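The values are calculated or read from the model by the stated rules, or taken from the named source; none is laboratory data. The model shown is predicted, which means the values in this text are computed figures rather than measured ones. FYI the Cβ positions are ideal-geometry reconstructions off the backbone, even for glycines, and counts take in every protein chain you see.
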Amino acid sequence: MRKVIVTTIVACAAILLCPDAFAQVPPDPNNPNETVPEAMPTTPYGEPINLETAKKVAAGAAAEATKRNWQGMCISVVGPSGDLVYFEKADLCQLASISISQHKARTAARYRRPTVVFERLLGKGPFFAYLPTLDDVIMSRSHEKFER
C-alpha cells in the first residue's frame with residue numbers, strides 16, 4: 001500500500017512540475033468565441049417596470065394577438081431582472097405555454113436579447129454548443145415584436 005501511495009505522489013509531482021502541464025492552448029482561428037475584444041461595453045438593463053405599465057404592455061400584446069387571430073396566447077411581462085411582474089393567459093392556452101412564456105421572458109430580460117438569438121447561434125455549429133449549458137436559458141423563436 002505504501003508503494004502505491006509513494007508512486008502516486010511522485011506521479012502527481014511530475015505532472016505539476018512539468019512546464020507543459022500549464023501551457024495555454026493556442027486559440028482556434030475558426031472559433032468566433034475566442035476573439036477577445038479590447039473593451040467590453042456594458043448594456044444597461046433598463047428601468048424597473050411597475051404593474052400599471054406592465055398591464056398596458058400586456059394589453060398591447062393581447063390586442064395584437066386578437067388582430068392576428070392568435071388563439072390561446074400567454075403574455076408574460078418581466079422586469080429587467082427577469083422576475084415576473086404581470087402574467088395573463090387566454091382561455092384556450094396550452095398548459096405548457098404558461099411556463100414557456102415566463103421562461104422566455106425571463107431569458108430575454110436577463111441576457112438582454114430575444115431568445116431567437118440563442119437559437120440562431122446554436123444553429124451556426126459546434127462552437128456554440130455550450131449555449132444549452134447556460135443557466136436558465138430557453139432557445140426558441142417567438143413573436144420577436146413582443147420579446148423586448
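Below are the figures for this structure:
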item	result
Spans of helices (runs of 4 or more DSSP H) in the stretch 40-144 with at least 1 residues at pLDDT below 90 and touching a Phe, Trp or Tyr at 6+ places or on another chain (Cβ under 7 Å)	115-122
Whichever residue in the stretch 8-39 is in contact with a Phe, Trp or Tyr (Cβ under 7 Å, 6 or more places away or on another chain) and at pLDDT 75 or above and, among such residues, is nearest to Asp83 (Cα to Cα)	Pro32
Sole residue being touching a strand residue (DSSP E or B) at 6+ places or on another chain (Cβ under 9 Å), among the charged types (D, E, K, R) and closer than 30 Å to Asn31 by Cα, chosen from Lys55, Lys124, Lys89, Lys104	Lys104
Those residues of the stretch 29-39 which are assigned to a loop (DSSP other than H, G, I, E, B), in contact (Cβ under 8 Å) with a residue 24 or more places away in the chain and either surrounded by 10 or more Cβ atoms within 10 Å (Cβ to Cβ) or of a type in the set (Asp, Glu) (or both), in sequence order	Asn31
